[in-house]
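The values are calculated or read from the model by the stated rules, or taken from the named source; none is laboratory data. Computed from a predicted model, the values in this text were never measured in an experiment. Don't worry about glycine lacking a Cβ; one is built from the backbone with ideal geometry, like all the others, and counts go over all protein chains shown.
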Amino acid sequence: MLENDKAYAADRVAKLQTLAEKHRESQGFQADVPAVAALAQARLLLATNYPDKALEELEILSTYARKFCRGQLLVTGHLLMACARADLLQPEQAQVHLLEALSLGHRLGLVRTFLDEGEVLRKMLAALASKPLGSEDEAYLGRLLERFGPANAGRSSESSTNGASSMLTPGSWRSCN
C-alpha cells in the first residue's frame, strides 16, 4: 500500500470506527457496522505491519460472524488471522486458521473469498498442500490453487481481474443452519 493510500485508508477507517461506536449495541442491519469497521481496521493494521493489533480487531469480526451466522465473514476472519499469525512467526497457529477457513470455505462453496486475499494467501495454501488433509478438503485446496493462476505480488492480487469467477451459494451467506 502506498503511503498516501495508507493515510487515506486510515482516515476512512477512523470515520468507520466513529460510526461503529454509535452502533455497538444496534440490532438488525446496523449490527453490521462494528464488524465492517473491525474488518477495515484489521486490514489496515495488517498492511501497516501491526498483526498483533489486527488479531484484536479480527476477534470482533469473528464474534459477530458466529453470532449472526455469517459464514463468509468467518472464513475471511480465519484467513486474515492466518496472515497475522504468519506475520508474527507463529506458523502452527496460522495453519490452524487456514485449515478452519479451508474446511468452512469448502462447505460453503467459497472461491472468491480466498482469491481476493491474493498472493500471500496463495503461498500459504500452497504450503498447506503438502500436509495431510481429508480427501474432499485436499481436492478443494487443489481447485483453489488452480484458480489462483500464476503468482502475483502483494497481499492482494490481481486475481479479481484475471477471469476467476465468484462461486456463490445460498450457504455462502450463512453457516449456522
Residue match in the range 53-70 (condition: in contact with a Lys or Arg (Cβ under 8 Å, 6 or more places away or on another chain), under 20 Å from ARG112 (Cα atoms) and not basic (Lys, Arg)): yes
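Table: residues versus (1) within 11 Å of the chain's Cα centre (by Cα); (2) surrounded by 24 or more Cβ atoms within 10 Å (Cβ to Cβ); (3) outside the structural domain of SER135 (by TED's automatic domain parsing).
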| position | (1), (2), (3) |
| --- | --- |
| ASN49 | no, no, yes |
| LYS53 | no, no, yes |
| ILE60 | no, no, yes |
| GLN93 | no, no, no |
| LEU99 | no, no, no |
| ARG112 | yes, no, no |
| VAL120 | no, no, no |
Residue check for GLY105: within 15 Å of the chain's Cα centre (by Cα), crowded, with 23+ Cβ neighbours inside 10 Å and under 19 Å from GLY142 (Cβ atoms): yes
Lone unmet requirement of (1) within 26 Å of LEU110 (Cβ to Cβ); (2) in a helix (DSSP H, G or I); (3) modelled with pLDDT under 90 for LEU19: (1)
Residue list for the range 72-84, filter: in contact with a His (Cβ under 8 Å, 6 or more places away or on another chain) and touching a residue at least 40 places away in the same chain (Cβ under 8 Å): LEU79, ALA82
Any helices (runs of 4 or more DSSP H) falling wholly within the range 51-157 and containing at least 3 residues that are within 28 Å of PRO34 (Cβ to Cβ): 51-67, 71-87, 91-108, 112-115, 118-128
Residues (among the charged types (D, E, K, R) and either crowded, with 16+ Cβ neighbours inside 10 Å or at pLDDT below 85 (or both)) located in the range 139-152: ARG147
Residue satisfying all of: in the range 122-138; surrounded by fewer than 16 Cβ atoms within 10 Å (Cβ to Cβ) and of a type in the set (Lys, Arg); farthest from THR76 (Cα to Cα) among these: LYS131
Residues that are surrounded by 15 or more Cβ atoms within 10 Å (Cβ to Cβ) and outside any helix (DSSP H, G or I), drawn from the range 1-16: MET1
Breaking point among (1) over 13 Å from the mean Cα position of the chain (by Cα); (2) outside the structural domain of ARG12 (by TED's automatic domain parsing); (3) under 30 Å from ASP11 (Cα atoms), for THR76: (1)
In the range 22-65, the residues that are charged (D, E, K, R) and at pLDDT below 90: LYS22, ARG24, GLU25, ASP32
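Listed here are the residues, each with its yes/no results for (1) crowded, with 20+ Cβ neighbours inside 10 Å; (2) assigned by TED's automatic domain parsing to the domain that holds ARG112; (3) among the aromatic types (Phe, Trp, Tyr).
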| site | (1), (2), (3) |
| --- | --- |
| VAL33 | no, no, no |
| VAL36 | no, no, no |
| GLN41 | yes, no, no |
| LEU44 | yes, no, no |
| THR63 | no, no, no |
| ALA82 | yes, yes, no |
Number of positions in the range 85-130 that are of a type in the set (Gly, Ala, Ser) and in contact (Cβ under 8 Å) with a residue 40 or more places away in the chain: 2
